[in-house]
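Presented below is the structure to which this report refers.
The values are calculated or read from the model by the stated rules, or taken from the named source; none is laboratory data. Note that the coordinates shown come from a computational prediction; the quantities given were computed from them, not determined experimentally. Please note: Cβ atoms are built from the backbone with ideal geometry, for glycine as well, and neighbour counts cover all protein chains shown.
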Amino acid sequence: MASYANRYSATHRQWDHVGNLFPNVEHSEKGPHGRLAGDFIPAPWLPVNYYDKHFEVWTVVSPGKIVALTTEAEEILSNVGDYEDSTHVVPGGLKVDWTALGGGATAITYTSNDFDEQTSDITTGAPYAVNGTTAYTKTQVTNALISRGLVVGGGSCEDFISFPVGVAAQAFYQWSAYNGEKFNPKQTKFHNFRMQHQVQVLVSYQLRLPLIPGIVSTEAIPALTGGAFVIGATGLHTVVETRAMERWDGLSSTGTWLAQPLARFPLAGPTALAPLVASATDVLVRKRTGPDALSQAGDYFVDREAGVIFYYSASQVAVPANLLAETITYYSYEVAPAALSIYASVVPVTGTAPKNGDFLVCDADSNFAVETSVVAATWSNFRIGQIFGFKTYPKDLTHRVKTQYTQLGNVNAMPGTATAGLPETLTYSGGADKEVLVSLINR
């Protein structure tokens, strides 16, 4: 009989079904509609900006503005001895502005409105205590942030602000607590009032923003220039010189006009918000549909994209009396605007008109600025968006429809039919006739 003393002994594998081999590292797929998943709140020290009459509360960041984060990882809450996890969101333009400032220049200003609303003072972390205006210099803000442990010694206040991360998905209202807390009623300014639980940051989205032109004042109508016509080179040209350009070679050789290329192009408008104005009232009297339609003194036509004005001239080769020693004031998308509203927008850099494919960076007002060689060697070269199209207004004859409330101002007028065919993005922000389609990116 065979012996079974050396039978096969099987080796079994055992599994530990309790522990995880690898921890989960996923947090979010940017949330719905390209929003970041995070516990974001507006920084409590941001000065109040615009008063919302409907909700009777102040805002600190307008929707569509480029935003950044404060760089502290977490700050201890002295009243509970714990750390808060909320991430503070601020206008991205603060980093641009503070980087450019000298130590004695004003970095942040609080007013009596901040006193009334108990805005946290960036230098102390406590409510702003002056019923009036206080302007803190860059040096004062830097020293205070170092003292509070929010900036490492040797750093500067701009180190407290991150690079841009996205744009504000909605209006950010002033934070309802004295500091970064959300659930401690003792730290809430008003026990029964909180407009926002937190805020959201768009990082992957397509925006429609107004393009804001700059003004070019008193450009002279010159004497006849002679020679080759060059777009962007100021002068005054005859029919023959102008028709030598492929762009206008289809015009009549017997046209009764002279053409003036302006120094900046393309032109914005002309619209009510971006008018084309002459120093004398008999220069721009009747706008016509084309150069060949000019038939009497005061007739004119504007080639907006090329930045050229056509004036009536019976002889084709002599400057009419109504043009002599006169000037033109106009708006151009090749000129940076001198002033901006609180509304998010795209702004050109002087000498560079925005065009499809251009990358956009954050400027000192937290708006989108065209990236050029002017900023290529600086940190502000951080790209936050890219242009992929434009919309020009008016459309669908809305400017020819009459509705009520035109006399109440742009904010109260019905967009389109009561605002000369322009949408609210343009009328609210002081734009002219173009919106820019922007794709948000992070590169």
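Does D97 meet the test of being surrounded by 14 or more Cβ atoms within 10 Å (Cβ to Cβ), charged (D, E, K, R), under 28 Å from the mean Cα position of the chain (by Cα) and at pLDDT below 95?
Yes; evaluated as a whole, the condition is true for this residue.
Could you tell me how many of the residues in the range 242-300 are within 27 Å of L211 (Cα to Cα), in contact with an Asp or Glu (Cβ under 6 Å, 6 or more places away or on another chain) and of a type in the set (S, T, N, Q)?
Total satisfying the criteria: 2.
I'd like to check something: does the range 301-312 contain any residue that is among the hydroxyl-bearing types (S, T, Y) and either out of contact with any strand residue (DSSP E or B) (no Cβ under 7 Å at 6 or more places or on another chain) or without any contact (Cβ under 8 Å) to a residue 24 or more places away in the chain (or both)?
No, the range 301-312 has no match at all.
Starting from residues that are farther than 20 Å from I342 by Cβ and in contact with a Ser or Thr (Cβ under 8 Å, 6 or more places away or on another chain), keep the ones in the range 182-204 and report whichever is modelled with the lowest pLDDT.
By that ranking, first place goes to K182.
Out of the residues in the range 348-366 that are part of a loop (DSSP other than H, G, I, E, B) and without any contact (Cβ under 8 Å) to a residue 40 or more places away in the chain, state the one that is farthest from G431 (Cα to Cα).
Residues of the range 348-366 that are part of a loop (DSSP other than H, G, I, E, B), as a first pass: 348, 350-351, 353-358, 363-366.
Filter again for without any contact (Cβ under 8 Å) to a residue 40 or more places away in the chain, leaving 351, 355-358.
Values: G351: 18, K355: 17, N356: 19, G357: 21, D358: 20 Å.
Step by step, filter the range 348-366, then rank; the result is G357.
Just to check your reading of the model, which residue among S156, S147 is buried (at least 17 other Cβ atoms within 10 Å of the Cβ) and either within 23 Å of G103 (Cα to Cα) or polar (S, T, N, Q) (or both)? Spell out how you get there, then give the answer.
Values: S147 fails: buried (at least 17 other Cβ atoms within 10 Å of the Cβ).
Exactly one of S156, S147 is buried (at least 17 other Cβ atoms within 10 Å of the Cβ) and either within 23 Å of G103 (Cα to Cα) or polar (S, T, N, Q) (or both), namely S156.
Taking the stated definitions as given, is R264 part of a strand (DSSP E or B), touching a residue at least 24 places away in the same chain (Cβ under 8 Å) and either assigned by TED's automatic domain parsing to the domain that holds Q316 or under 22 Å from T59 (Cα atoms) (or both)?
Values: part of a strand (DSSP E or B): no; touching a residue at least 24 places away in the same chain (Cβ under 8 Å): yes; either assigned by TED's automatic domain parsing to the domain that holds Q316 or under 22 Å from T59 (Cα atoms) (or both): yes.
Spelling it out, it is not the case that R264 is part of a strand (DSSP E or B), touching a residue at least 24 places away in the same chain (Cβ under 8 Å) and either assigned by TED's automatic domain parsing to the domain that holds Q316 or under 22 Å from T59 (Cα atoms) (or both).
For K138, all conditions in the list (1) surrounded by fewer than 19 Cβ atoms within 10 Å (Cβ to Cβ); (2) more than 30 Å from S439 (Cβ to Cβ); (3) at pLDDT 85 or above hold save one; what is the number of the exception?
If we test K138 against (1) surrounded by fewer than 19 Cβ atoms within 10 Å (Cβ to Cβ); (2) more than 30 Å from S439 (Cβ to Cβ); (3) at pLDDT 85 or above, just (1) comes out false.
Surrounded by fewer than 20 Cβ atoms within 10 Å (Cβ to Cβ), at positive phi and over 29 Å from the mean Cα position of the chain (by Cα): which single residue out of Q296, Q316 fits that description?
Q316
Considering each of T134, T218, T234, T238 in turn, give the residue that is among the β-branched types (V, I, T) and farther than 30 Å from P337 by Cβ.
T238
Which one of A293, A263, A278, A259 is in contact with a helix residue (DSSP H, G or I) (Cβ under 6 Å, 6 or more places away or on another chain) and modelled with pLDDT of 95 or more?
Residue meeting the stated conditions: A259.
Here is a list: G226, G235. Which entry is part of a loop (DSSP other than H, G, I, E, B), surrounded by 15 or more Cβ atoms within 10 Å (Cβ to Cβ) and touching a strand residue (DSSP E or B) at 6+ places or on another chain (Cβ under 9 Å)?
That would be G235, the only listed residue that is part of a loop (DSSP other than H, G, I, E, B), surrounded by 15 or more Cβ atoms within 10 Å (Cβ to Cβ) and touching a strand residue (DSSP E or B) at 6+ places or on another chain (Cβ under 9 Å).
Within the range 267-282, can you find the residues that are touching a residue at least 24 places away in the same chain (Cβ under 8 Å), within 27 Å of T427 (Cα to Cα) and over 25 Å from the mean Cα position of the chain (by Cα)? Can you show your working first?
Looking only at the range 267-282, we keep the residues that are touching a residue at least 24 places away in the same chain (Cβ under 8 Å), and these are 267-280, 282.
From what's left, within 27 Å of T427 (Cα to Cα): 267-279.
Correct list: V277, A278, S279.
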